[in-house]
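Below is one structure, written out as structure tokens; the observations come after it.
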Amino acid sequence: MRLAKTLLYSAAILTASFSIAGAQTATTRPDGRVESGLYVGANYQPVDRTPAQITYDIGLMKKAGFKVVRMGDLSWDYFQPAEGVYTFEKFDAVLNEMHKAGIKVMVDIPGLPAPMWLHKKYPGVDLVTQNGTRLYAAERYMDNISDPDYRRLAKALGEAMTKRYGKHPAVIAIGYNNEIGNGFMSYSAADRERFIVWLKDKYGTLDALNKAWATQRWARTLTDWDQVEIPYGDGPGPFERYLDLHHYWSDVTVGTLMDLEQSRRKYAPDKPTISNLWDSSERKGFNYLETYKDYVSYGAFGYYAGDPISGGFETLMMKGTLPTPVWFNEFQAGGGGFYGAKGRSRMWAHFGLLNGGQAVLAWTFNSHLGGEEQALFGLVDHDDTPSWKLDEFATIAKEFKQNGKNGLSARLKARSGDCLFV
């Protein structure tokens with residue numbers, strides 16, 4: 001009983017200023033909107049499936065009452081197997097089939113990871129560690145997004161995809177560069193030169209830089225720009241330089257997102273942006289709360305919370321001061337090596353709803369047969385057998401649909417220590 005009251009009070013505090021999404025007017029900036037109501041669906045990777053399997057999967061989704069899927073992320077070479085060569089036909093067919101089934105699609109531009117052909121043709125996209133070791137792209141986050149060739153080609157991909165799919169009737173939103181904040185910093189000679197250019201733009205003079213970095217300490221005064229080195233992200237080094245290192249990579253990250261945002265504004269101005277960016281990652285992260293209104297229509301993130309405080313807090317951080325509800329672009333169906341527990345996803349889905357959520361998209365629909373997350377179980381098992389989790393998300397979809405139909409207008413408020421529905 002005591003725990004129940006604690007959770008109830010926590011929910012009241014976290015949701016004091018948020019309406020249930022079904023009662024909100026789900027409009028964004030004048031250039032994009034999502035129809036009001038609640039959405040349940042899944043992340044879907046057609047790159048892993050045959051045409052027959054895709055038809056089978058879509059049938060399961062429709063039966064479960066899913067309204068939306070997120071597709072395209074993590075699949076750059078599925079759309080572009082070589083520079084200047086685009087192969088959209090397979091994705092076109094999936095998009096059309098989703099449309100026939102009445103399922104909306106969030107098209108996520110896969111700027112990460114960069115394909116192997118790009119790394120081989122433009123080695124500046126490879127990462128260099130702070131001790132000078134060049135790394136090949138062993139995992140999906142290992143791209144140097146500050147490299148000019150990466151920026152140019154990611155922008156071209158975004159332009160091609162928004163131009164092709166921006167007006168498709170199935171497309172509900174555009175997403176950018178899944179988990180871009182979880183990438184790595186790089187320390188190549190070219191990175192150093194770009195960092196120095198950024199410092200010159202920020203500080204103007206060496207005197208100003210010396211003052212900001214407190215270089216009078218420990219005989220570290222800079223007398224020439226050539227003496228500037230990239231601070232070690234993993235240490236050692238003073239905090240002043242470390243702060244500028246993170247500001248620099250934040251600006252690089254936001255610049256990459258703005259490249260894609262410019263394409264959306266040009267070719268899909270009526271589609272909102274709903275992206276899973278992971279700005280709070282300890283690897284690199286970026287300054288989301290200072291910049292998000294430039295490239296975000298709806299706050300969104302991967303919801304893998306283990307407790308109500310952290311889940312509610314991150315939801316509020318992603319929402320910021322936007323008037324729109326939050327989308328859980330990835331939503332826990334299981335975990336790494338954890339098949340899931342009955343009722344767990346449903347519980348967190350409704351808690352997310354209380355925090356101003358509008359959509360939950362299971363990660364992921366199919367359990368992966370390979371790659372880094374094959375032990376992160378989806379709604380359909382590795383042998384293509386629908387699990388009880390698909391039934392649970394169907395229940396969530398049914399309940400969300402009923403809430404929307406009823407015009408649910410409950411608002412949680414904390415007043416005089418009581419939790420009241422008004």
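Run the numbers on the chain and let me know its relative contact order in percent, using alpha-carbon pairs under 8 Å that are six or more apart.
Working: 792 pairs, mean separation 101.7, N = 422.
About 24 percent, as a whole number.
Working ranking of peptides 85-92, 393-400, 280-287 by packing, defined as the average number of other Cβ atoms within 10 Å per residue, highest first, is 393-400, 280-287, 85-92. Candidates Met116, Gln45, Ala154 compared by Cα position along the dipole of the chain: farthest toward the positive end lies Gln45, with charges placed on Cβ.
Each Cα pair under 8 Å and six or more residues apart adds its sequence gap; the mean of these over the residue count of the range 108-249 is a relative contact order of 24 percent.
Can you divide the C-alpha Rg of the chain by 2.2 N^0.38 Å and report the result to two decimal places? Working shown, then result.
Numbers: Rg = 22.7 Å, N = 422, 2.2 N^0.38 = 21.9 Å.
Dividing the Cα radius of gyration by 2.2 N^0.38 Å gives 1.04.
Ligands, DNA and RNA are left out, and with a 1.4 angstrom probe the accessible area of the range 260-404 is 38 Å² per residue.
Give me the distance between the Cα centres of the range 282-312 and the range 365-379, rounded to whole Å. A separation of 24 Å, based on Cα centres. For the chain, adding -39500 (n - 2.57) for each run of n ≥ 4 DSSP H residues and dividing by the number of residues yields -12000 deg cm²/dmol at 222 nm. Rolling a 1.4 angstrom probe over the protein heavy atoms with all chains in place gives the range 35-188 an accessible area of 38 Å² per residue. Given a 1.4 Å probe and every protein chain left where it sits, what share in percent of the accessible area of the chain is carbon and sulfur? That share works out to 56 percent.
Computed from backbone phi with θ = phi - 60° and the Karplus coefficients 6.51, -1.76 and 1.60, the 3J(HN,Hα) list for the range 161-177 is 6, 5, 5, 7, 10, x, 10, 5, x, 7, 7, 9, 6, 10, x, 10, 5 Hz; x is used for glycine and proline.
For the chain, a simple Cβ point-charge model (Lys and Arg +1, Asp and Glu -1, everything else neutral) yields a dipole of about 1540 debye relative to the Cα centre.
The values are calculated or read from the model by the stated rules, or taken from the named source; none is laboratory data. The model shown is predicted, which means the values in this text are computed figures rather than measured ones. In this analysis, Cβ positions are derived from the backbone assuming ideal geometry, glycine residues included, and neighbour counts consider all displayed protein chains. These area figures cover heavy atoms from the full protein model, side chains too; ligands, DNA and RNA do not enter into them. Shrake-Rupley method; radii C 1.70, N 1.55, O 1.52, S 1.80 Å.
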